[in-house]
Amino acid sequence: MIPMARPAAQNQGAHLEAAVLRVLRSGRYIGGPEVAAFEKALAAYVGADHAVGTASGTAALHAVLLALGVGAGDEVVLPAYTFCATLEAVLHVGATPVLVDIDADHLLDVDAVAAATTARTRAVVAVHLFGRRASVPALRARVPAHVAIIEDSAQAFGPHRPEGCAACFSFFPAKVLGAAGDAGAVVTDDGALGARVRAIVNHGREAGVSQTLGHNFRLDALQAALLREKLPHVPGMRARRRWIAAQYRAGWAERELGLPRDQDGHAWQCFGITVAARDALAAALAGEGIASAVYYRPPLHRQRPAPSACRSTPS
């Protein structure tokens, strides 16, 4: 059977076993030098000024929205076609999600975002879906300056300096850079925003004193140590994914499939195709021992938490 992902393959090697033992023997499991070292390495890799480890990619999105002061009475524009975590983060801060349609690359439709923006809009979440990056500059040119653009980079980890106010990563085990459990991070060039995020993920504490209402969104030391050990191998992993994607694109060029377009910096988290006989193709692949999945069924505007909470939904 060819599975959708092989997380265990990323977690082999004496260097990773040594990192686990180092943390276990240190007695420092929450915060501490392992987390600080990973945050420093992560910021350097993406070219950002600040990085804050979080418990997950969802926690990263949630913390950024809180740090921006987004809440009740505010609207946040996001694509209807994305994982439910993007919507959850908006709902949990009490804001109103505004779901808009996507373009041919399954990314936010810039015209739809511009049309959906109102005086109540506080943020746009640009989801870099399947590894392909949405155009933050194009979005920035179409929305007012006071509207924050947050990058949901859960599926597009790579050496990309954040173009919005912050980029949020997920290190779920099946990601390009995966942890051995849940983990995430926020990267930003805004020092004040980064400081607020850092406080929020640690119960709102600054200098050991609770200054604001926060959450327990902390990245644990064991995951941080593993991620730091694997971070230097990301270029090779991304190159391997790019090579595999090129083989798919070449081999299926004459087939009646909607193939994903290549893009400089594409992380190839997934190879997403569109096909009319979707279920039949999935069954045929399963018969050959090849796993596949439908992303996402149903879309957000047809899932239970969305319709009553949203200002508008796509048709």
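The values are calculated or read from the model by the stated rules, or taken from the named source; none is laboratory data. This structure is a prediction, so every number in the text was calculated from the model and none was measured. When we count neighbours, we look across all protein chains shown, and the Cβ atoms used for this are built from the backbone with ideal geometry, even at glycine. Note: areas computed on protein heavy atoms with side chains; ligands, DNA, RNA excluded. Shrake-Rupley method; radii C 1.70, N 1.55, O 1.52, S 1.80 Å.
So, of the residues in segment 88-123 that are open to solvent by 10 Å² or more (accessible area, probe 1.4 Å), assigned to a helix (DSSP H, G or I) and of a type in the set (A, V, I, L, M, F, W, C), which turns out to be nearest to Glu151 (Cα to Cα)?
Val110
I'm told Asp264 meets every condition in (1) surrounded by fewer than 12 Cβ atoms within 10 Å (Cβ to Cβ); (2) in contact (Cβ under 8 Å) with a residue 12 or more places away in the chain; (3) over 23 Å from Pro3 (Cα atoms) except one. Can you identify the failing condition by its number?
(2)
Name the one entry in Thr58, Thr54 that is open to solvent by 20 Å² or more (accessible area, probe 1.4 Å), closer than 12 Å to Phe217 by Cα and of a type in the set (Ser, Thr, Tyr). Even if it seems obvious, please write down each step before you answer.
Numbers: Thr54 fails: open to solvent by 20 Å² or more (accessible area, probe 1.4 Å).
Just a single option satisfies the conditions, and that option is Thr58.
Take the residues of segment 270-306 that are within 20 Å of Pro97 (Cα to Cα) and assigned to a loop (DSSP other than H, G, I, E, B): which is most open to solvent (accessible area, probe 1.4 Å)? Break it down into steps so the answer makes sense when it comes.
Residues of segment 270-306 that are within 20 Å of Pro97 (Cα to Cα), as a first pass: 296-306.
Adding the requirement that they be assigned to a loop (DSSP other than H, G, I, E, B) leaves 296-299, 303-306.
Working: Tyr296: 41, Arg297: 153, Pro298: 53, Pro299: 34, Gln303: 54, Arg304: 220, Pro305: 76, Ala306: 0 Å².
Here the answer is Arg304.
Determine which member of the set Ala72, Ala44 is open to solvent by 30 Å² or more (accessible area, probe 1.4 Å) and free of Cβ contacts under 8 Å to residues at least 12 places away in the same chain. Steps first, please.
Numbers: Ala72 fails: free of Cβ contacts under 8 Å to residues at least 12 places away in the same chain.
Result of the check over Ala72, Ala44: Ala44.
Here are Ala267, Ala253: which of them is in a loop (DSSP other than H, G, I, E, B) and at pLDDT below 95?
Details: Ala267 fails: at pLDDT below 95.
Answer to the check: Ala253.
Search segment 1-41 for residues being β-branched (Val, Ile, Thr) and either open to solvent by less than 80 Å² (accessible area, probe 1.4 Å) or touching a His at 6+ places or on another chain (Cβ under 7 Å) (or both), and hand back the single one that is nearest to Arg240 (Cα to Cα). Walk me through it before giving the result.
Let us first name the residues in segment 1-41 that are β-branched (Val, Ile, Thr), namely 2, 20, 23, 30, 35.
Subsequent filtering for residues that are either open to solvent by less than 80 Å² (accessible area, probe 1.4 Å) or touching a His at 6+ places or on another chain (Cβ under 7 Å) (or both) retains 20, 23, 35.
Values: Val20: 26, Val23: 30, Val35: 28 Å.
Step by step, filter segment 1-41, then rank; the result is Val20.
Looking only at residues that are among the small types (Gly, Ala, Ser) and either modelled with pLDDT under 95 or in contact with a Gly (Cβ under 7 Å, 6 or more places away or on another chain) (or both) in segment 38-72, which one is farthest from Pro305 (Cα to Cα)?
Across segment 38-72, the extreme among qualifying residues is Ala55.
Would you say Gly191 is touching a residue at least 40 places away in the same chain (Cβ under 8 Å), surrounded by fewer than 20 Cβ atoms within 10 Å (Cβ to Cβ) and closer than 25 Å to Asp49 by Cβ?
Values: touching a residue at least 40 places away in the same chain (Cβ under 8 Å): yes; surrounded by fewer than 20 Cβ atoms within 10 Å (Cβ to Cβ): yes; closer than 25 Å to Asp49 by Cβ: yes.
Spelling it out, Gly191 is indeed touching a residue at least 40 places away in the same chain (Cβ under 8 Å), surrounded by fewer than 20 Cβ atoms within 10 Å (Cβ to Cβ) and closer than 25 Å to Asp49 by Cβ.
What about Leu66, is it open to solvent by 50 Å² or more (accessible area, probe 1.4 Å), part of a helix (DSSP H, G or I) and over 20 Å from Glu163 (Cα atoms)? Explain how you work it out, then say what you get.
Numbers: open to solvent by 50 Å² or more (accessible area, probe 1.4 Å): yes; part of a helix (DSSP H, G or I): yes; over 20 Å from Glu163 (Cα atoms): no.
Considered against the rule, which asks whether it is open to solvent by 50 Å² or more (accessible area, probe 1.4 Å), part of a helix (DSSP H, G or I) and over 20 Å from Glu163 (Cα atoms), Leu66 comes out as no.
Restricting to segment 199-255, what's the tally of residues that are within 16 Å of Cys270 (Cα to Cα), among the basic types (Lys, Arg) and open to solvent by less than 90 Å² (accessible area, probe 1.4 Å)?
3
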